[in-house]
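Report on the structure given below.
The values are calculated or read from the model by the stated rules, or taken from the named source; none is laboratory data. It should be emphasised that the depicted structure is a prediction, and the values quoted were computed from it without experimental measurement. Here the Cβ positions follow ideal geometry from the backbone for every residue, glycine too, while neighbour counts run over all protein chains shown. Surface areas here come from the heavy atoms of the whole protein model, side chains and all, with no ligands, DNA or RNA. Shrake-Rupley method; radii C 1.70, N 1.55, O 1.52, S 1.80 Å.
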Amino acid sequence: MIMTKKDRFVLSLMLGTSLTAVANSVVAQGRGTQSGVVLEEIVVTAQKREENLQQVPFAVSAISAETIEKLAIRDARDISGMAPNVTIVQGTVSNSAAVISMRGIPNGGSESFGLDLANGLYVDGVYIARSGASGLDVMDVERIEVLRGPQGTLFGRNTTGGAVAFVSRQPSQEFQARAEVGGGNFDTRHARISLDPGNIMGVATSFSYIHRERDGTVDNILQAESSNDPGARETDSFRGAARAELADTGSIQYIFDWSKTDGIAPAFQLTNTSNGAVRPPLVINGKAVRVTQPAPVAQYLAGATFLEAGCAALAAPTRAYRDRVCNDIPNTATDKTWGHNLQVQNDFDAFSVKSTTGYRFWNSSYNTDLDGLGAFTGPAFTQATLFNRMPAALLGFVPTIPAAARPVIASSPVPTIQQNLFDTNNVRRHKQFSQEVEISGDTDAFDWVAGAFYFWERGSERNPQNSGFVLDTNNIFLGNFGPLGPSFVAANPARYRLVQTRAVLAYIASSESTATYAQTTFYPGGRDSGLRLTAGGRYTWDEKTMRRSQNGAVPLAVLESGDASFDKFTWNLMAAYDVAENANVYARVATGYRSGGYNSQDPVIPGTTQPANFNPESVISYELGLKSELFDRRLRLNVAGFHNVYSDLAVNIPRTDAPLGTFATRVGNAGKVTYTGFEVEGQAILSESFNVEGNIGYIDVKFKEFLVGQSTTAGAPPIDIASVNRPGYTSPLTAYAALNAQFPFGGDLRLVGRVSYTYEDGKYTFPNNIGAPFNDELRGNNRNIVDAQIGVDGISVSGAAAEVRLWVKNLTNQHDFVRGIDFGQLGYAGGFFADPRTYGLTAGIKF
């Protein structure tokens, strides 16, 4: 079901009414009990210093260590929906990739090294540059901060939508240990052990190891082992940290993390095939726009012979969820990430200095079948065999065919080929280095921070692709043989024939970025005056290079090289005022910048060996908000409204001019796009046993200008297609609600439970159907996800505390289509479903 704007308004009204009911309930509870239970203060570092989340003058959400542990959050993909207007979609061929969308701005589905992210991901202050590494296994997390809106001053480039920061706990000064084991359906198993030996010779350390594995969630009928089915994975992760205090004023901390995931990529399901009908140009404002012409895949599959009889039924496309697939190519995927983090800080009384150094690596390889049908056999196309099995008498009208050859050609069969619609493999290697130095201080009237940032990265990719392109050979006869065309059509022994197209994309990309920044907060009348004024700015210089050695069937004779430079000044202005105790209003104007770059598949500029680069995108954001803690801090209610204006928004779109028989995307810059929306977050303590939390977010996206339409008239300028665009990977409406319960049994023993509901509007993959004929049909399902847990903790075991927990995710077993791929001129489309219901038991002990 597609939710209309009216439906969204009604749901928003219902949730608003629910928040009012929660507030009334809190009032009643406050009047009826003298309970001292209050909401805990949340400390964040969203402005490069520790402060109460309620005092930060922009929208920030924080997820606590207790929630992270309770929900078994292991990477960025697990927090989708837990903050308003924040959704995260799984990768396609990688087990660690993720598409993060914040306030309608997605990172984009492309994992090319030439395209930077729009939403920053940080782990202990180190920027994670690639979406393919977004799913790295993060351990010992103290909190997760979700910063919404441009963070171009303190966090820098590539945060036009916002930023997600994972903050790890420090090693304990005292001995502590923890162990955990668990299992569930799909033969899920996991084990975790953490050890903090305590302070030994002035150095505190911590060590953690996690092993996770599970079988696939969809049956590949071409192999017998469930551990080789799509969705299967096995992960091993290790983290070690060491921290030493320096003369009571500073510290030095080193962190090493390593994670490896071996698995089978999620199942791709065929949902649409084309019958080859000609698509007329799309007329926009009186101008004809060229559209992709998809191949007649439906007719070819109808006459093909499948090597495995059970796979034939899967050639009938459907949007209904299937629990089986045919992958004749092993969909193996391996991702390995590791890195070093060194933090040194010291307080010099008048100011503090902090240095953060990061050096990280990501290696990825996969081999993927992207049609789910298995291998099939059918007629093959070659120029030399076009006339095979045609009547000899008819061949006599073709002057280029010698008389002696006509009987031979007439008796020769049309050749066949064994092929898939599309399969690919990829090897990526990436490394990055970053260095940041912060200097901060405060006085009675000012807080200030200044710093410098340096970043370097290098990535290489080799991506062979094998696709089958279906030709309607009747078009060849009708278009080239004049009056004889209909006769050849009538005698054609195999109208639909397949061309095998092999291509390889190979390149190396690198980037270098340098920035300086400063921000200060002024307290007119002193810190108790209630008024805070903040101003900050950042200047960034970026260098991008790309060296491409192959972009087609054969290696290039001359290396294609591109070098580009970009620079940008970003700034923000903020004001906050305490209108009452524990309540303040704020206003913010902020800018952001995403660096330009190179799309790895784009052709070179005509007459050169230089790939064309796309431009940086920039944003100016206006935000008003209210942050409040009411009823003796038993209700926390934060509200924000925003209006973002983007220029040159970078959008990933299918190419309508890709070489015949191939599929490719490119990055285009939209001229102007506005994002307007609101967010509400609430937490409430209903009693000593119950508390609730929830949020709702809404975005209205309007494309004002999008000059990327290709005219049907040669040489004509690009056409504005803004009127037919939709935001990709964006849920206009998101909502989340959770009820937490705890019942003491005496001592530390408790019965604990939680039930949560997440709603996300369905998402489009591409912005329009000009280059993606099935884009409308590929819109994702509206998601209604219920998760639940119940357990007992505080179980005393020889001085240790044990716990046991039952959990279930996707309780109602929704089969939600979450991400699509439209293969454009190849003539078919499909996509990926979210995990079905999973459940299990976890037991742990802490010393």
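Counting only protein chains, not ligands or nucleic acids, how are Asp369, Asp787 ordered by accessible area (probe 1.4 Å), most first?
From most accessible down to least: Asp787, Asp369.
How big is the accessible area of Thr385 in square angstrom, nearest 10, if you roll a 1.4 angstrom probe over the protein chains?
Estimated to the nearest 10 Å², Thr385 gives 30 Å².
How much accessible surface does Leu246 have with a 1.4 Å probe, in Å² rounded to 10?
Here the residue's solvent-accessible area equals roughly 70 Å².
Just the accessible area for Lys763, please: 1.4 Å probe, Å², rounded to the nearest 10?
20 Å²
Can you tell me the dipole magnitude for region 752-804 around its Cα centre, using point charges on the Cβ only (Lys, Arg +1; Asp, Glu -1), in Debye to the nearest 20?
60 debye
Given a Förster distance of 35 Å, report the FRET efficiency between Thr674 and Ala583 from their Cβ-Cβ distance, rounded to the nearest 0.05.
After rounding, the FRET efficiency stands at 0.70.
Can you tell me the dipole magnitude for the chain around its Cα centre, using point charges on the Cβ only (Lys, Arg +1; Asp, Glu -1), in Debye to the nearest 20?
The dipole of the chain has a size of about 2520 debye.
From the phi of every residue in region 777-784, what ³J(HN,Hα) in whole Hz does the Karplus formula 6.51 cos²θ - 1.76 cosθ + 1.60 yield, where θ is phi - 60° and glycine or proline is x?
5, 8, 4, x, 5, 5, 9, 10
Between Leu471 and residues 5 or more places away or on another chain, which pairs have amide H atoms under 5 Å apart, with H built 1.01 Å from N, and which residues are they?
Excluding prolines and chain starts, which carry no amide H, the hits are Arg497, Leu498, Val499.
Taking every DSSP beta bridge that has both residues in region 426-509, what percent is antiparallel when rounded to the nearest 5?
Beta bridges within region 426-509, antiparallel portion: roughly 100 percent.
Based on the Cβ-Cβ distance from Glu41 to Glu705, what FRET efficiency comes out when R0 is 51 Å, to the nearest 0.05?
In this case the efficiency is close to 0.70.
Label region 76-187 by shape, choosing from rounded, prolate and oblate, from the square roots a ≥ b ≥ c of the eigenvalues of the Cα gyration tensor; if a/c is under 1.5 it is rounded, and otherwise prolate applies when a/b is larger than b/c, oblate when it is not.
oblate
Which FRET efficiency value, to the nearest 0.05, do you get for Asp528 and Ala802 by plugging their Cβ-Cβ distance into 1/(1 + (r/R0)^6) with R0 = 41 Å?
0.30
In region 285-308, whose amide N lies under 16 Å from the spot 7 Å out along Cα-to-Cβ of Thr713? List them in ranges.
Under 16 Å, as judged by backbone N against the label point of Thr713, lie 285-290 of region 285-308.
Starting from the Kirkwood radius over alpha-carbon pairs of region 430-540, derive D by Stokes-Einstein at 25 °C in a medium of 0.890 mPa s and give it in µm² s⁻¹.
117 µm²/s
Quote the Stokes-Einstein diffusion coefficient, in whole µm² s⁻¹, for the chain, based on the Kirkwood radius over alpha carbon pairs, a temperature of 25 °C and a viscosity of 0.890 mPa s.
After rounding, the answer is 84 µm²/s.
In whole Hz, what ³J(HN,Hα) sequence does region 732-742 give by Karplus (6.51, -1.76, 1.60; θ = phi - 60°), x for Gly and Pro?
Ordered by residue, 3J(HN,Hα) equals x, 10, 10, 8, 8, 8, 9, 10, 10, 9, 8 Hz.
Please list Tyr764, Tyr675 in order of solvent-accessible area, largest first, computed with a 1.4 Å probe with all protein chains present.
Of Tyr764, Tyr675, the descending order of accessible area is Tyr764, Tyr675.
How much of the DSSP bridge set in the chain is antiparallel, in percent, rounded to the nearest 5?
Restricted to the chain, the bridges split so that about 95 percent are antiparallel.
Farthest toward the dipole's positive end in region 187-305, which of Ala244, His190, Ala265, given Cβ charges of +1 (Lys, Arg) and -1 (Asp, Glu) about the Cα centre?
Value computed over the given set: Ala265.
What's the extension gain from Ala224 to Leu484 if we count 0.36 nm per residue and subtract their Cα-Cα distance?
Gain on extension, Ala224 to Leu484, equals 88.3 nm.
Given the C-alpha centroids of region 283-307 and region 322-342, what is the distance between them in whole angstrom?
Answer, in whole Å: 31.
Any chance you could check the Cα centroid distance between region 566-584 and region 693-731 for me, in angstrom?
A separation of 30 Å, based on Cα centres.
Read phi for every residue in region 791-806 and hand back ³J(HN,Hα) as whole Hz from Karplus 6.51 cos²θ - 1.76 cosθ + 1.60, θ = phi - 60°, with x for Gly and Pro.
x, 10, 10, x, 6, 7, 9, 6, x, 9, 10, 10, 8, 9, 9, 9
Rounded to the nearest whole Å², what accessible area per residue is found for the chain with the 1.4 Å probe?
40 Å²
When the chain is fully extended, how far beyond the present Cα-Cα distance does Glu245 get from Asp563, taking 0.36 nm per residue of separation?
Here the answer is 110.0 nm.
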